[in-house]
Each structure stands twice: as structure tokens, then as C-alpha cells.
Amino acid sequence: MEQDVSTGSYPKWWRFLWACALALCTPACLTSPVTGRTSFNPFPKSEDVKLGTEAYDQVLAEAKVVPSGPGHDMVARAMKRLVAVCDDKSYPWEVNLLQDDQTVNAFALPGGKMAVYTGILPVCKNETGLAVVMGHEIGHVVARHGTQRMTTTLGMNVVMQLLNLGDYTQLATTLVDLTFNLPFGRTQESDADAIGLHYMALAGYDPREAIAFWKRMEESSGSGARRAAGMLHPMKAAIRKLR
Ligand SMILES: [Zn+2]
């Protein structure tokens, strides 16, 4: 006998199961802004913020924050312009310039906490170059790549267990470790590139400058500059795409 869907003749238990499945799936399936790429993430956004803030405090406790000066002001200005046009203004966005001339890099944690190392400023050359870096990092945050990477690395069961236990210190320590030691996947990097370029344009920066920036970045990596593995970027692929 054929089942008549329109009259709702499915048994009640079947409809209940579907409702449960949808309820479980909705917060986990997310779509990246700009690129529309879909991915799976069991962390609610509020957990991204909680976790990112805890991890940020751990990093800053061992870093030397630059409190003022032209570099500090440029970083603050670029952040303000980019966040003003991004798809998630509700995050508690924050950026700090960290004194370390040997580290040619920047990173952002889930929930909008970002750091730029002084070592990357000469490669950026100016505020537009800096906006390439910061737009890219904001891209990782709004697409929620940090907690996605935690899930794929630790496994869903471990993540759910730690979340249920409320063990944020352990989760944050793991997040810091992954940020500095495990690169994002290529898909996530190109996702962040596309989102970053889009935000640059919206914020009034010339996104074409990204080609020159990634070339300078590539040259700097050949000069023996230190770059944490977690922030490596497939630069040649990025330049090819932009041409
Ligand atoms: Zn990246």
C-alpha cells in the first residue's frame, strides 16, 4: 500500500524521529558566508566565544603586547574597518599587536580574538597589506574553522564529552596547541582567502594588493623567517587563484 505523505499518515514515532534528527542537525550544519561552503560543527557559537576567549588569555599571558604606537594604531584601524563589514558583528572582536620581530604571522581564535605579530608588518608594508592578513583571519573566524578543526582532530565523541564536562581549560589548551601546530586544510584556507578579499573590498581596501602581499610573504618564508606551522598558508595556490 502506498503511503500518503500529504495527509500525514506516517506513524507518530517516525515524525518524532525526524524532528529529533533535524533538531540535532540544525546547529551542527553551517554554511560559510561568501563562499557558501557547508561544513559540520557541533560547537554552538557561544562555545566558540567561551573557548576562544579562554585560549586567548592563555596566549596573551606569555606574550608581549604592544600597547601603543603607529603599528598598534594601524592594526586597530584595520580591525575596526573589517569587522564593520563582516558577517558576524556580534562576536567580541579584539586584536592585539604582539612584539616578536621573528614571527612573520598572525592568528585568530574562535569567537573573534586575533593577534598580529610585529614580524609580519614589514611584509604587509602598509595598511592594505595588513588588511589581506586580517581579512583572511576574520574569514577563519566567521566560517568557524577553529572549532571545526578541533572536532575533526579530536573526534566527535571526545569533543562532546569535554563540552558536557564543561572542561574549558582542557579544550582551550588543545585549541592553542592546534592553532600553533596544525595547519588548516586547503579548503579552509581558500575559504578564508575568499572571505577576506570580499571583506577587504567592502571595507574600501584594494583586494588586488593581495597578489603582491602573498608574493612578499613567499619571499619572506625563503629568508628563514620563523612561521608557526598552524599558520602556514598555501601561498602559491593563493597567488595563482588571484591572477
Ligand atoms: Zn589561514
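Sorted from fewest to most neighbouring beta carbons within 10 Å, what does the list E127, E137, E219, E54 look like? Present the calculation step by step, with values, prior to reporting the outcome.
Working: E127 16, E137 24, E219 12, E54 19.
Taking fewest neighbouring Cβ atoms as first place, the list is E219, E127, E54, E137.
Divide the volume of the convex hull of the Cα atoms of the stretch 43-242 by its number of residues and quote the answer in cubic angstrom per residue.
Details: hull volume 20.6 nm³, N = 200.
Spread over its residues, the Cα hull of the stretch 43-242 gives 103 Å³ apiece.
Which of the pairs K45/K125; K50/K80; K45/K215 have their Cα atoms more than 29 Å apart in this structure? Before the final figure, lay out the partial values.
Details: K45/K125 34 Å; K50/K80 22 Å; K45/K215 35 Å.
Flagged as over cut-off: K45/K125; K45/K215.
With an 8 Å cut-off on Cα pairs and a minimum separation of 6 or more residues, tell me the relative contact order of the stretch 56-103 in percent. Write down the numbers at each step before the final one.
Working: 26 pairs, mean separation 26.0, N = 48.
Relative contact order for the stretch 56-103 comes out at 54 percent.
Counting Lys and Arg as +1 and Asp and Glu as -1, each charge on the Cβ, what is the dipole of the stretch 43-242 about the Cα centre in debye, to the nearest 20?
Details: 20 positive and 22 negative charges, 104 e Å.
The dipole magnitude comes to about 500 debye.
For K113, give me every one of the aspartates and glutamates with a C-alpha distance below 12 angstrom, ignoring sequence neighbours fewer than eight places off in its own chain.
Candidates past the 8-residue exclusion: D48, E54, D57, E94, E137.
What's the center-to-center distance, using Cα atoms, between the stretch 140-212 and the stretch 77-94 in Å?
16
None of the figures in this text is laboratory data; all of them are computed from the coordinates on show. Small disclaimer: the values here were computed from a predicted structure and weren't measured. Positions of Cβ are generated from backbone atoms using ideal geometry, with glycine treated the same way; all protein chains shown enter the neighbour counts.
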